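Before any comments, here is the structure.
Laboratory data are not the source of any read-out in this text; all were calculated from the coordinates shown. Bear in mind that the values here come from a model prediction, so they are computed numbers and not experimental data. All Cβ positions, even for glycine, are placed from backbone atoms using ideal geometry, and neighbour counts span all protein chains on display.
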Amino acid sequence: MKGALVTGANTGIGLAIAKRLLADGFALGYATAADDDAAKEPLAELHGEIAHVYGDLSDPTVPERLVSETVDKLGSIDVLVNNAGVVTAKPFFDLNRR
């Protein structure tokens, strides 16, 4: 079975992609920023081989760990969907660098 890792898989586009990959027969690495009930809630509606992995991608050590944990649980990653993102809405001159 081929494996896929989707970041930001618990909402919106990421969840839709996760559902499609599962429907197409992929094992899924379901990556979310948090390991809480809200992040896991969409898992109840998903069916198939799923490995929940979590971590905040703003931490530079997390991507390698997510990949490693997904490979450990699923055997391989054949598809990687980098979907996670953050949206900030404010006037342009109020934006600053992190």
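Things to note:
- Under a 5 Å amide H cut-off, with hydrogens placed 1.01 Å from N, Tyr54 pairs with Thr32 among residues at least 5 apart or on other chains.
- Summed residue charge, Cβ within 14 Å of Gly48's Cβ, Lys/Arg positive, Asp/Glu negative: +1
- In the chain, Cα pairs under 8 Å separated by at least six residues give a relative contact order of 34 percent.
- Within the straight-line cut-off of under 18 Å between alpha carbons, the aspartates and glutamates reachable from Lys40 are Glu49, Asp56, Glu69, sequence neighbours fewer than 8 places apart in one chain being disregarded.
- Per-residue HN-Hα couplings for the stretch 76-92 [Karplus 6.51, -1.76, 1.60; θ = phi - 60°; Hz; x = Gly/Pro]: 6, 10, 9, 9, 10, 10, 8, 9, 4, x, 10, 10, 10, 10, 6, x, 3
- Cα gyration tensor shape of the chain, rounded if a/c is under 1.5, else prolate or oblate by comparing a/b with b/c: prolate
- In sequence order, calculated HN-Hα J values of the stretch 39-47 (Karplus, 6.51, -1.76, 1.60; Hz; x Gly/Pro): 5, 8, 3, x, 4, 4, 8, 9, 10
- Here the chain is treated with +1 on each Lys and Arg Cβ and -1 on each Asp and Glu Cβ, and its dipole about the Cα centre works out to around 340 debye.
- A dipole drawn for the chain from +1 and -1 charges on Cβ atoms has a positive end, and of Phe92, Thr70, Leu80 the residue lying farthest that way is Phe92.
- Proximal charge balance of Leu22 [Cβ under 12 Å; K/R count +1, D/E count -1]: 0
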